[in-house]
Structures are given as C-alpha cells and as structure tokens.
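Here the structure comes first, spelled out in structure tokens, and everything after it is commentary.
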Amino acid sequence: MRTIRRTISLAAGFVSLASALAAQSISIGLRGSGSFPTGSFSQSQASATSSDAVIEGAKSGFGYGLDAGLSFSFIGVYASFDHIKFDCETATCQTDGKYTLQGVTAGVKLSLMQVSIARPFIKGGVTFNDLQGGYGGQSSNVLTTDHAPGYEVGGGLDVSFLGILSFTPQVRYVGQNLKAKIPGVNAPAATGQAVNYFTFDLGMAVHTPFGR
C-alpha cells in the first residue's frame, strides 16, 4: 500500500513538472530603436571642464537590439542587448558627432489579458550600459564610462501571427548614472552623471508554440 502511494505521488510530480514545462514559451527577437535623451544628457552647458559635465548635448539617435525571453503564462523573464548611436551637436562630442551606448538588461515581464491577437505587457529590469564619446571636440580625446547598474521600465504589445511569430512595438525609459573616464584624469568623479533616455522599439520575435 505504501509503495502504491509513493508511485502515485511520484507520478503526480511528473505530471505537474510536465504541465509546467508545457506552459513555457521561449522567444528570441530582433528590434530597431529610436531613442530620445532627456535631462542633463540632452542639455548643453556653457562649458565642460570636469568629468561630471562632459556627457551632454546628445540628440535623438537610432540603434538595434536583441531579446530573449522565457514566459510562464502571464509572467516571464527576459534578457536583452542594446546598441544605440546618439547624435551630438556640441563641442564635447567627437568630430563624427556621435555618442555610442551599449549594454545588457535582465528583468521581469508581465503579460496582461489578451485582446484579439494583441497581448499588452509591462516590463522592468536592471541595465548595465556603457557610453563612448568625445571630449573637447577632438576625436583623439575619447571618453568612456563605467558599467554602473541602472534600470528600465516599459510597456508594449505582443501582436501574434500564426502562433509562433509576434510583432512587438514598445516604449521604454532607461535611467542610469554613469561615471566618465577621461584621458588625463586619473579617476572619474565620485558621483556619475545622469544618462537617461526614452526609446521606441519595433521588433519581431519567434516563439515556441508552447504556452501561447
């Protein structure tokens, strides 16, 4: 009798595990991004003579990203990569007039009730980005930053096609403080500078058919 109970319990455990695995959905996607800097990152100061004042004057830019996710019904986790080039129109930028930001993000994604073929979602995660640019208007004076953690919050829609493809428009806000490292300066300032921006993404993803 005890053996029968153990067998039933073990079978129930396998059934539960199989159900959980069947509810998973794995996704991999590619997206394009249009980004808009905010705050001090987009402003031009009268002068920039210290490491906490040189990351400025950024304008709208474009980039691309990669996404991977694992969802369990309405909740999931995701990891992503971003590469964005911001235009820059101040003397603090290099002669090519660009800031280049890239890094990775990991976070949680919550899907809401599906409406027709679209499912709204909200997401939030921890970012690890760095920035490269110019200092003093000369291409030889390249600044870099640390990889201090920041955050992103956002929302959008998963629009499903054929059960395995989705078109994903979304908007995100990224907030972070990055410490500039400048040639000739031994160490960055004790406090970083805000490098914050909004980004509007259009992406396409491939999903496993499970849990959709």
Seminar exercise, completed: Which residues qualify? For Q193, with a placed amide H closer than 5 Å and at least 5 residues away or on another chain, they are L178, K179, A180
Problem set entry | Förster radius 45 Å - calculated FRET efficiency between T38 and A118, Cβ distance, rounded to 0.05 | 0.95
For this session: Compute the distance in nm between two label points, each set 7 Å from the Cα along the Cα-to-Cβ direction, one at V108 and one at I28.
Result: 2.7 nm
Problem set entry | Förster radius 35 Å - calculated FRET efficiency between S60 and M204, Cβ distance, rounded to 0.05 | 0.95
For this session: With θ set to phi - 60°, apply the Karplus curve 6.51 cos²θ - 1.76 cosθ + 1.60 along the range 194-200 and write out the HN-Hα couplings as whole Hz, x wherever there is a Gly or Pro.
Result: 5, 10, 10, 6, 9, 9, 10
Seminar exercise, completed: Once amide hydrogens are built 1.01 Å from N within the peptide plane, the residues lying 5 or more places from D158 or on another chain with amide H under 5 Å from its amide H are R119, F121
Exercise. What full-extension length gain, to one decimal in nm, is calculated for Y173 and F81 as 0.36 nm per residue of separation minus the Cα-Cα distance?
Worked result: 31.6 nm
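Readers should treat all values here as calculations from the given coordinates under stated rules, not as data from a laboratory. As the structure is a prediction and not an experimental result, all values here were calculated from the model. Neighbour counts are summed over all protein chains in view; Cβ atoms, including those assigned to glycine, are modelled from backbone coordinates with ideal geometry.
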